Amino acid sequence: MISKNEIDSQIALGVAETPQHIAQLVKKTDDADALCWALKHNNTKVRLAAIRNPALPVDMLLHACIFETIDTTREALLNVVALREEEVNAVLSVVQYYPQLSPDLE
């Protein structure tokens, strides 16, 4: 598992110079902090890598569905949500029955 600190250090050292290299690191991580950071990255390839990572928590996935503005990443989000439909529905049903447990989407 690659952590957020390892990604930061590889960027700082110049090992991961391009968005493609950063996206490769994001694909290999299971760290929620790294995936959250990648979802906010200014490059589409890095965001797509985070979206397609199966370790991305459902709340971050739904947050990205609401706030993503680029068409290519929105299409990828729709595909990933369709693939993880059972997981998304389980979270939404819990939120429906227990609204106080809804994730803070800020």
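The values are calculated or read from the model by the stated rules, or taken from the named source; none is laboratory data. Keep in mind that this is a model prediction, so the values were computed, not measured. Every residue, glycine as well, gets a Cβ built from its backbone with ideal geometry; the counts of neighbours run over all protein chains shown.
Summary table below
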quantity	calculated
Candidate set from the stretch 29-54 (those that are out of contact with any helix residue (DSSP H, G or I) (no Cβ under 7 Å at 6 or more places or on another chain) and not in a helix (DSSP H, G or I)); member that is surrounded by the most Cβ atoms within 10 Å (Cβ to Cβ)	D30
Out of A76, A49, sole residue that is under 10 Å from the mean Cα position of the chain (by Cα) and closer than 27 Å to I11 by Cα	A49
Pairs with Cβ under 8 Å, 6+ apart, first in the stretch 87-102 and surrounded by 11 or more Cβ atoms within 10 Å (Cβ to Cβ) and modelled with pLDDT under 80, second part of a helix (DSSP H, G or I) and of a type in the set (V, I, T)	S102/V95
All positions within the stretch 55-73 that are over 25 Å from I11 (Cα atoms) and surrounded by 14 or more Cβ atoms within 10 Å (Cβ to Cβ)	V58, D59, L62, H63, C65
Yes/no for P19 being crowded, with 16+ Cβ neighbours inside 10 Å and more than 14 Å from the chain's Cα centre (by Cα)	yes
